[in-house]
Amino acid sequence: MAGVQTAVALREQGFTGPVTLLGAEPHQPYDRPPLSKAVLLGKAEDSAFDVDFEALRIDLRLGTEVTGLRAADHMVDTESGPVPYEVLVLATGAQPLTLPGSEGVPGVHLLRTLDDAARLRPVLAEAPATVVVGAGWIGAEFATAAREAGCAVTVVEAADRVLAGALPAEVAAPMARWYADAGAELLTAARVAGVEPGRVRLADGRELPAGAVVVGIGARPATDWLAGTGVERGPDGSVTADAYLRTTLPGVYAVGDCASFPSARYGTRLLVHHWDNALQGPRAVAENILAGEPVRAYDPVPYFWSEQFGRFVQYAGHHGGADTLLWRGDPAEDTWSVCWLRDGALVAVLAVGRPRDLAQGRRLIESGALLDPARVADPGVPLKSAGV
């Protein structure tokens with residue numbers, strides 16, 4: 001997503017020089033969100049972008065694995081030979097974390113690529129007993145698809161709650177009930193001790209039958225290949241881009257899942273593994289490349305969505321550092337929202353089946369307007385009307 005959008009944005013903004021797009025996969029560039037939904041369930045064959053690379057004069061080189069970077073020579077090394085560059089944009093994304101000891105075990109799957117979805121689709125069609133490791137966003141989405149396919153589903157989470165790394169306990173608690181409502185069993189504080197063909201062993205001695213095991217325990221920026229290149233990376237593996245998405249090497253930018261950036265809005269460095277970031281960041285990169293100097297800082301209101309258990313969940317902002325949490329509606333109902341404020345201004349909103357709250361909240365975050373907490377907490381008052 002980030003690589004394609006950078007190339008397209010360069011053309012849309014008037015760049016006329018050569019553009020080369022390198023991709024390790026053999027497939028036409030594609031969108032990832034449908035992989036855990038329509039593609040996985042056989043409702044779509046693929047999710048290729050509707051981009052005419054030839055008409056845009058983008059030299060698309062598929063199946064090209066990048067192996068190194070020689071900044072002094074302005075050269076990217078690939079398995080098929082070196083590729084020179086004047087300006088380089090790193091958009092290598094993230095790679096899913098694997099479950100230790102599960103590598104190579106038959107029946108264990110990841111869900112990140114089109115090939116992953118293609119391998120899983122016939123498995124789900126047989127409706128095996130399925131164990132999902134990880135109750136984060138991807139785990140919930142896969143569990144949703146597996147239940148739709150008729151599989152018996154058990155979700156195993158090492159933390160004591162769902163979405164432990166993403167949301168506060170009180171906000172995630174009502175979402176845990178969705179699993180049972182969908183007929184999926186949820187086991188929290190359950191650590192996997194081992195995976196064998198046909199079963200998953202837990203640390204407490206329990207054994208779970210598993211015709212298929214899907215691991216969704218997070219992802220890490222795909223940046224190991226940058227070791228020793230002079231591109232600075234953080235403890236999380238992300239390329240530490242600056243406010244203009246420049247790396248520590250001249251003429252080298254980074255965008256999307258592989259890059260973190262400093263947010264003046266939130267006063268911290270953000271690493272955003274979501275679709276909207278891979279759409280918006282490239283536009284800033286293209287603008288800075290064309291200007292030949294830093295002209296557009298990148299400081300978005302992060303946004304993502306998740307479709308799970310018949311619900312449309314949206315989130316905008318960053319709630320770290322918030323001092324007030326307000327509910328809009330009853331979390332026992334089908335639709336509700338949560339708002340986070342800091343010093344009276346909205347900094348994040350989570351909306352379950354309330355798209356207007358999300359859209360209006362996102363604009364309020366961008367504006368920094370001060371809000372009346374009592375009006376924010378009233379689900380009958382539009383957020384846009386909750387100002388002081």
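The values are calculated or read from the model by the stated rules, or taken from the named source; none is laboratory data. Quantities reported herein were computed from a predicted structural model and do not represent experimental measurements. Every residue, glycine among them, receives a Cβ derived from its backbone with ideal geometry; neighbour counts consider all protein chains shown.
Odds and ends about this structure:
- Within this structure, residue 259 fails the test of being surrounded by fewer than 23 Cβ atoms within 10 Å (Cβ to Cβ) and of a type in the set (A, V, I, L, M).
- Among residues of segment 179-207 that are under 20 Å from residue 164 (Cβ atoms) and modelled with pLDDT of 95 or more, those with a beta-carbon under 7 Å from a residue that is acidic (Asp, Glu) and surrounded by 13 or more Cβ atoms within 10 Å (Cβ to Cβ) at least six positions away or on a different chain give the pairs 187/157; 188/157; 190/157.
- Within segment 250-267, being within 19 Å of the chain's Cα centre (by Cα) and among the β-branched types (Val, Ile, Thr) holds for one residue alone: 255.
- Scanning segment 333-351 for residues that are in contact with a helix residue (DSSP H, G or I) (Cβ under 9 Å, 6 or more places away or on another chain) and surrounded by 22 or more Cβ atoms within 10 Å (Cβ to Cβ) yields a total of 9.
- Unmet requirement for residue 129, which otherwise passes all of (1) modelled with pLDDT of 95 or more; (2) buried (at least 20 other Cβ atoms within 10 Å of the Cβ); (3) of a type in the set (A, V, I, L, M): (2)
- Restricting attention to segment 9-37, the residues being part of a helix (DSSP H, G or I), farther than 30 Å from residue 309 by Cα and without any contact (Cβ under 8 Å) to a residue 60 or more places away in the chain number 1.
- The condition of being under 27 Å from residue 164 (Cβ atoms) and either among the basic types (Lys, Arg) or not assigned by TED's automatic domain parsing to the domain that holds residue 6 (or both) holds for only one of 233, 246, that being 233.
- Here the strands (runs of 3 or more DSSP E) wholly within segment 38-108 that include at least 3 residues being within 30 Å of residue 200 (Cβ to Cβ) are 94-96.
- Residue match in segment 323-332 (condition: crowded, with 19+ Cβ neighbours inside 10 Å, of a type in the set (Val, Ile, Thr) and more than 14 Å from residue 302 (Cα to Cα)): no
- Positions within segment 170-210 being in contact with a helix residue (DSSP H, G or I) (Cβ under 8 Å, 6 or more places away or on another chain) and farther than 17 Å from residue 144 by Cα, in sequence order: 188
Conditions (1) modelled with pLDDT under 95; (2) closer than 24 Å to residue 366 by Cβ; (3) in a strand (DSSP E or B), marked per residue:
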{"position": "231", "(1), (2), (3)": "no, no, no"}
{"position": "244", "(1), (2), (3)": "no, yes, no"}
{"position": "262", "(1), (2), (3)": "no, yes, yes"}
{"position": "270", "(1), (2), (3)": "no, yes, yes"}
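- Residue pairs whose Cβ atoms lie under 8 Å apart, sitting 6 or more positions apart in sequence or on different chains, and linking a residue in segment 212-236 that is without any contact (Cβ under 8 Å) to a residue 60 or more places away in the chain to a partner that is buried (at least 21 other Cβ atoms within 10 Å of the Cβ) and of a type in the set (Val, Ile, Thr), are 232/239; 232/247; 233/223; 233/239.
- The residues of segment 147-189 that are of a type in the set (Asp, Glu) and under 15 Å from residue 208 (Cα atoms), listed by number, are 157, 185.
- The residue that is farthest from residue 306 (Cα to Cα), counting only those in segment 355-365 that are more than 21 Å from the chain's Cα centre (by Cα), of a type in the set (D, E, K, R) and surrounded by fewer than 24 Cβ atoms within 10 Å (Cβ to Cβ), is 363.
- Scanning segment 55-97 for residues that are modelled with pLDDT of 95 or more and of a type in the set (Ser, Thr, Tyr) yields 64, 78, 85, 92.
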